[in-house]
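The values are calculated or read from the model by the stated rules, or taken from the named source; none is laboratory data. Everything quoted here is computed from the prediction, not taken from an experiment. Methodologically, a virtual Cβ is constructed for each residue, glycine included, from the backbone with ideal geometry; neighbour enumeration extends over all protein chains shown. These accessible areas exclude ligands, DNA and RNA; they are computed on the full protein's heavy atoms, side chains included. Shrake-Rupley method; radii C 1.70, N 1.55, O 1.52, S 1.80 Å.
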Amino acid sequence: QVQLVESGGGLVQPGGSPRLPCVASGSIFSISVIVWYRQAPVKERELVATITYVGSSNYADSVKGRFTTSRDNAKKTVYLQMNSLKPEDTAVYYCNADIMVFSSGRYTGYWGQGTQVTVSS
């Protein structure tokens, strides 16, 4: 059984800088690419950032220069550092990871349950 758990969300003032961790647990052999998504009310899910096993990252234009993703492979944790938050960043933030469990021999995508980030004064 594999679980991804995001946390760190909540009510944040404009300009705030929360950090969201996403922790993977279970019988995990390897974690490949991890992707952060977000979904605002009545909008489609949007890709925010990706990070490879070796730490190479890419960002959506809407967050480039403000968000940074990083990972600690030993802790099976990925982080999304969000800076200079705007009201339009309000959304549920999800992590998605390609994970190989022991004895499976292949990667499967797993989702976390999401964490709400609300940017408002």
* Limited to the range 33-54, what total is found for residues that are within 18 Å of ARG19 (Cα to Cα) and either modelled with pLDDT under 95 or under 11 Å from the mean Cα position of the chain (by Cα) (or both)? -> 10
* **Yes/no for GLU46 being charged (D, E, K, R) and open to solvent by 70 Å² or more (accessible area, probe 1.4 Å)** => no
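Considering only residues that are among the hydrophobic types (A, V, I, L, M, F, W, C) and farther than 12 Å from GLY114 by Cβ, which ones fall in the range 3-23? Quick ask: steps written out before the conclusion?
Our first condition is that a residue be among the hydrophobic types (A, V, I, L, M, F, W, C); within the range 3-23, this holds for 4-5, 11-12, 20, 22-23.
Correct list: LEU11, VAL12, VAL23.
Pick from the range 56-96 the residues that are of a type in the set (Gly, Ala, Ser) and either modelled with pLDDT under 95 or open to solvent by less than 30 Å² (accessible area, probe 1.4 Å) (or both): which of them is farthest from PRO21 (Cα to Cα)? Let's see the steps before the verdict.
Initially, the range 56-96 is screened for residues of a type in the set (Gly, Ala, Ser), giving 56-57, 60, 62, 65, 70, 74, 84, 91.
With either modelled with pLDDT under 95 or open to solvent by less than 30 Å² (accessible area, probe 1.4 Å) (or both) added as a condition, the list becomes 60, 91.
Details: ALA60: 19, ALA91: 16 Å.
Step by step, filter the range 56-96, then rank; the result is ALA60.
Return a yes/no flag: does the range 21-39 have any residue that is of a type outside the set (D, E, K, R), in contact with a helix residue (DSSP H, G or I) (Cβ under 8 Å, 6 or more places away or on another chain), open to solvent by less than 70 Å² (accessible area, probe 1.4 Å) and under 14 Å from MET82 (Cβ atoms). Spell out the reasoning first.
Initially, the range 21-39 is screened for residues of a type outside the set (D, E, K, R), giving 21-37, 39.
The next check asks that each one be in contact with a helix residue (DSSP H, G or I) (Cβ under 8 Å, 6 or more places away or on another chain); those that pass are 23, 31.
Of the ones still in play, those that are also open to solvent by less than 70 Å² (accessible area, probe 1.4 Å) are 23, 31.
From what is left, the residues that are under 14 Å from MET82 (Cβ atoms) are none.
No, every residue in the range 21-39 fails to be of a type outside the set (D, E, K, R), in contact with a helix residue (DSSP H, G or I) (Cβ under 8 Å, 6 or more places away or on another chain), open to solvent by less than 70 Å² (accessible area, probe 1.4 Å) and under 14 Å from MET82 (Cβ atoms).
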* Any residue in the range 85-95 that is more than 15 Å from THR118 (Cα to Cα) and in a strand (DSSP E or B)? -> yes
